[in-house]
Structures are given as C-alpha cells and as structure tokens.
Amino acid sequence: MAEQILFLYLRLKDNFDEVYKFISKIEAKVDVKGRIFVPATYRRMLEAEGEASLCLRADRVMKCLRLYPTSEWDKIDKEFLSKLNMWDKNDQRLYRQFASSVEQIELDASGRILIQKKHLDAIGVEGEVQFVGMGSCFEIWTSENLDEELMSDEEFAEALQNKMGGAISL
C-alpha cells in the first residue's frame, strides 16, 4: 500500500509547483488555553522556508480549520483579487467577507499555535484533534468530523481510478 501511495504522490507531484508538501494524518492534543503543538514534520518544513506565521481560515461548511503558510496564503489572496473588480460593490463585499474570515497566527518558541476558542468551538474540539496534510496547507479536524468526511476504502479506490485512470487497488 505504501508503494501505491508513493506512486500516486509522485504522479500528483508532477502536476503541482508547490514548495510545501504537507501530507499524512497526525493526532494532537489541545490544551485548556487552546494551544496545539504543530506536528514536527510540518514545523520542519515551515522552518526550512523561513515561515514564522500561518494564516488560519475556519471552514464552517466542512467543519475544519485550514492553515496555510503565509506565503501560500498570499498566493491565494493574489489570485482571488485578480478575479475581482474592486470598483464593484458585490466584489468588495465578497472580498471583505473572504479577507475577514482569515486570521494570522504565530508559532511560539515551543512550536505551538494558539487558536481562539470561537474557532475550536465552531468545529466541536474537545481535547484531541487530527492534523491532515493537504499539500500546500494542512487542516485541523475533530476525529468525528473527519470520519464523516472521509470516503470508505472502496469509494476512495473508485474515485482514484476515475480521476487518475486505470486500475488502482489499495
């Protein structure tokens, strides 16, 4: 199975020009103050690129928190702005809501991030979370929300086959 995942990763990698490759699912605990240790593998990538802060965007529909290295968020923001006419009232409203939903957070000296209670409450965090690598960003989920979102092994294999072509077995 590891070889198949590596093969899929290499096929996908050829289609992206990203610095970051956040992957895997890693469990972590949230302390009473809302601090979470960012996984060491993610911290090493951030440190290697000189990133000291992250941009957090709460996804209320998916019930997760999405964290981007600031340089990656800047790319998203620039692309989004390029599609808008800032003289148009509706585009201004759209951008205002988009930009105001993002918060910049710093990693402390221990490699922790402090997440506001309102964000943790919005996704139902009660002590443990799952970090999920998503390439250029990573997400924070509760185990329950993530389990609801993930496909079964059969659905996953079928979706891979449909997107990538050919037979893929996991």
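The values are calculated or read from the model by the stated rules, or taken from the named source; none is laboratory data. Keep in mind that what you see is a predicted model, and the values were worked out from it rather than measured. As a convention, Cβ positions derive from the backbone with ideal geometry for all residues, glycine included, and neighbour counts pool all protein chains shown. In case anyone asks, the SASA skips ligands and DNA or RNA and just uses the protein heavy atoms, side chains included. Shrake-Rupley method; radii C 1.70, N 1.55, O 1.52, S 1.80 Å.
L146 - would you say it is surrounded by 11 or more Cβ atoms within 10 Å (Cβ to Cβ) and either out of contact with any Leu (no Cβ under 9 Å at 6 or more places or on another chain) or among the polar types (S, T, N, Q) (or both)?
It is true that L146 is surrounded by 11 or more Cβ atoms within 10 Å (Cβ to Cβ) and either out of contact with any Leu (no Cβ under 9 Å at 6 or more places or on another chain) or among the polar types (S, T, N, Q) (or both).
Mind checking whether some residue in the stretch 104-120 is without any contact (Cβ under 8 Å) to a residue 12 or more places away in the chain and more than 15 Å from L65 (Cα to Cα)?
Within the stretch 104-120 (the criterion being without any contact (Cβ under 8 Å) to a residue 12 or more places away in the chain and more than 15 Å from L65 (Cα to Cα)), the answer is yes, since at least one residue qualifies.
Is there any pair linking a residue in the stretch 50-64 that is closer than 16 Å to W141 by Cβ to one that is outside any loop (DSSP other than H, G, I, E, B) and open to solvent by 20 Å² or more (accessible area, probe 1.4 Å), with Cβ under 6 Å and at least six apart or on different chains, and which?
L56/E103; R57/R66; R57/V102; A58/A122; D59/R66; K63/N145
Among the residues of the stretch 83-102, are any within 30 Å of K33 (Cα to Cα) and touching a Ser or Thr at 6+ places or on another chain (Cβ under 8 Å)?
no
In the stretch 61-77, what residues are touching an Asp or Glu at 6+ places or on another chain (Cβ under 7 Å), over 15 Å from P39 (Cβ atoms) and either buried (at least 21 other Cβ atoms within 10 Å of the Cβ) or of a type in the set (V, I, T) (or both)?
C64, T70
State all residues of the stretch 118-130 that are at pLDDT below 95 and assigned to a strand (DSSP E or B); if no residue qualifies, say none.
Those that are at pLDDT below 95 and assigned to a strand (DSSP E or B): none in the stretch 118-130.
Could you grab me the full set of residues in the stretch 87-105 that are out of contact with any Cys (no Cβ under 8 Å at 6 or more places or on another chain) and either of a type in the set (S, T, N, Q) or loosely packed, with under 12 Cβ neighbours inside 10 Å (or both)?
W87, D88, K89, N90, Q92, R93, R96, Q97, A99, S100, S101
If we scan the stretch 131-141, do we find a residue that is surrounded by 13 or more Cβ atoms within 10 Å (Cβ to Cβ) and assigned to a helix (DSSP H, G or I)?
no
Which numbered condition trips up Y20, out of (1) among the hydroxyl-bearing types (S, T, Y); (2) at pLDDT 95 or above; (3) over 28 Å from E126 (Cα atoms); (4) in contact with a helix residue (DSSP H, G or I) (Cβ under 8 Å, 6 or more places away or on another chain)?
Result: Y20 fails condition (2) only.
Restricting attention to the stretch 149-164, does a residue exist that is touching a strand residue (DSSP E or B) at 6+ places or on another chain (Cβ under 9 Å) and not in a loop (DSSP other than H, G, I, E, B)?
yes
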